[in-house]
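Following: one structure in structure tokens, then a few remarks.
What follows draws every value from the coordinates through simple rules; no lab data is involved. Only a predicted model underlies this, so the values are computations on that prediction, with no experimental measurement involved. We place every Cβ from the backbone using ideal geometry, glycine too, and count neighbours over all the protein chains shown.
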Amino acid sequence: MMLNEWKSAVAAADLADWVTVGAYLIAAFACIRASSFAWLTRRERDRSFWRLTTALLIFLGFNELLDLQALLTVLGREHAKANGWYGQHRQVQYIFVLTLALLGVLAAIITIFLTRKAHASVRVALIGLGFIGLFVVFRAASFHHLDELLGRKAPLFNWGSMQELLGIAIVAMAALTYPRMRRPKR
């Protein structure tokens with residue numbers, strides 16, 4: 001039963017999902033290009049950043065269609081029911097989202113520290129990744145009133161898709177401008 005729920009979520013991909021996947025892949029291509037330029041200019045940290053960002057964007061693009069968070073939700077619900085703690089699932093969900101948000105803040109602090117001497121485009125891309133990260137945290141929360149605000153099951157493009165696309169666009173533009181910007185002084 002539970003895998004059928006997930007399969008139906010995967011089969012329900014709409015226009016916004018396909019546009020978002022395309023945007024992720026275009027942004028990933030731009031990041032590969034930036035990584036190549038960083039390699040040519042011997043900026044190894046920047047190259048690592050762009051390569052990791054490429055992998056992340058490709059994963060998120062596939063996730064847009066595979067809806068892995070829906071699978072995680074279905075598996076979590078079934079586990080909660082099987083082990084008798086489904087009545088407390090909201091508290092567990094709250095702790096999960098709070099932990100995810102705290103890990104995101106910690107990752108942001110570490111990333112800002114590690115990229116303090118990085119190229120300006122890298123720092124701009126981090127802003128775009130922040131938009132995407134906020135979207136992921138909101139989606140992980142999956143509270144019904146939040147789903148309504150983000151527009152889950154809304155026609156064509158919803159607010160959540162627009163926020164996600166904005167983050168993707170910022171990352172793509174940063175990657176595309178990377179070769180054009182001056183390198184920071186060391």
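For segment 10-44, the residues whose amide N sits under 19 Å from a probe point set 7 Å from the Cα of Thr115 along the beta carbon direction are 24-44. Legend: calculated FRET efficiency, Leu98 to Ile32, from the Cβ-Cβ distance at R0 = 45 Å, rounded to 0.05, equals 0.85. A simple packing score, the average count of other Cβ atoms within 10 Å per residue, orders the peptides 125-132, 35-42, 64-71 as 125-132, 64-71, 35-42, with the highest score first. In terms of the mean number of neighbouring beta-carbon atoms within 10 Å, the peptides 109-120, 15-26 order highest first as 15-26, 109-120.
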